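Structure, as structure tokens:
Quick note: the coordinates plus some simple rules give every number you see, no bench work behind them. Values in this document were obtained by computation on a predicted structure and should not be read as measured data. Cβ placement follows ideal geometry from the backbone for every residue including glycine, while neighbour counts extend to all protein chains displayed.
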Amino acid sequence: MTKERSYGRAACEMRPVTLTREVLKHAAGSCMVEFGDTRVLCAATIEEAVPRWRKGSRAGWVTAEYAMLPASTGKRSPREYRGRKGRSMEIERLIGRSLRTVVDLQALGELTVTVDCDVIQADGGTRTASVTGAWVALHDALTSLVRADKLARLPLTGQVAAISMGIVNGRALLDLDYGEDSNAEVDLNLVGTADGRIVEVQGTGERVSFDREQLNTLLDMGQAGIEQLVALQRKVTNFGA
């Protein structure tokens, strides 16, 4: 008997997704992103400088930091400090890479935008939720520069979002919650753009290997999910209108 998924959804359906903008007073751009019970607070700040290695390039930089708050999971996880990150460092690099694919860094000029992604509650898919919400925070931060006449135009070249897929009990599923993710035979994360291009694929046979046909099924499922996510981003930001 097939176990019913959370929210009574079909294999190809995502959990309810919410993007709430302007949730922080002092951030240049902020977004609370919710994928079901997973909640991540994304906040973008702007610094009028660039890393030392980038000085004189006349190009900016976009980066990210990621952390899970101690009470974000069922068992308290120790608070993370710089130099003791591991998984978090890998995820924040993913977020930064993803965001930079849709930013014209030359048009940004010698400014740095940092997007902090703090997981308030984790129920699977925290990295994919972070990428999706981080784009909204980044959009609003860059828009604030244009409105303040610090940039001549918005240096965003497109949208980027991310979604998880996997094979659980032999079934291909979209947007895994924690219960599904912890029991997945195959675990996959997809980062993609609004025009259907792939930024990054992270895939692992956790318990079994998988073939090309299964991979194609998961990617097709994931790209359909990203189409929904970028449509939601566009709706809340009015980007491209």
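What's the exposure ranking of 204, 143, going from fewest to most Cβ atoms within 10 Å? Let's see the in-between values first.
Numbers: 204 12, 143 18.
By the 10 Å Cβ count, ascending: 204, 143.
Return, ordered by residue number, the residues of region 108-128 whose backbone nitrogen is under 14 Å from a label point located 7 Å along Cα→Cβ of residue 3.
Hits in region 108-128 for residue 3 at 14 Å: 124.
Run the dipole for region 7-98 about the Cα centre, Lys and Arg Cβ at +1, Asp and Glu Cβ at -1, nothing else charged, and hand back the magnitude in debye, nearest 20.
Working: 18 positive and 10 negative charges, 86 e Å.
My answer is approximately 420 debye.
Whole angstrom only: what separates the Cα centroid of region 166-228 from the Cα centroid of region 1-60?
Each part reduced to its Cα centre gives a spacing of 19 Å.
Under unit Cβ charges (Lys, Arg +1; Asp, Glu -1), what dipole magnitude, rounded to 20 debye, does region 126-232 have relative to its Cα centre?
Values: 8 positive and 15 negative charges, 106 e Å.
The dipole magnitude comes to about 520 debye.
Round to the nearest 0.05 the FRET efficiency obtained for residue 236 and residue 200 when R0 = 35 Å and r is the Cβ-Cβ distance. Please list the in-between numbers first.
Values: r = 24 Å, r/R0 = 0.67.
Plugging the Cβ-Cβ distance into 1/(1 + (r/R0)^6) gives 0.90.
Let me know the charge dipole size of region 76-193 about its Cα centre in debye, to the nearest 20, where only the beta-carbon of Lys, Arg (+1) and Asp, Glu (-1) is charged. Show your work: numbers first, answer last.
Details: 14 positive and 16 negative charges, 90 e Å.
In total the dipole reaches around 440 debye.
So if I take the alpha carbon set of the chain, get Rg, then get Rh from the Kirkwood formula, what is the Rg over Rh ratio? Can you show the working numbers first?
Working: Rg = 17.9 Å, Rh = 18.3 Å.
Answer for the chain: 0.98.
5 Å is the cut-off here: which amide hydrogens, built 1.01 Å from N in the peptide plane, fall below it relative to residue 123, excluding neighbours closer than 5 in sequence?
Distant-sequence amide H within range of residue 123: 38, 39.
What does the highest-first list of 122-135, 66-79, 181-194 look like by mean Cβ count within 10 Å? Let's see the in-between values first.
On the way: 122-135: 27.7, 66-79: 14.3, 181-194: 20.4.
My ranking of the peptides, most packed first, is 122-135, 181-194, 66-79.
Tell me what the chain gives for mean residue ellipticity at 222 nm when only DSSP H runs of n ≥ 4 count, each as -39,500 (n - 2.57), the sum divided by the residue total, rounded to 500 deg cm²/dmol. The partial results should precede the final answer.
Values: 5 runs with 70 residues, N = 241.
Taking each H run of at least 4 residues, the total per residue is -9500 deg cm²/dmol.
List the residue ranges in the chain for DSSP H helices whose C-alpha atoms run 15 angstrom or more along the long axis and whose Kyte-Doolittle average is 0.0 or above. Can you show the working numbers first?
Working: long enough: 87-100 (20 Å, -0.61); 126-147 (31 Å, 0.45); 212-237 (37 Å, -0.22).
Helix filter hits for the chain: 126-147.
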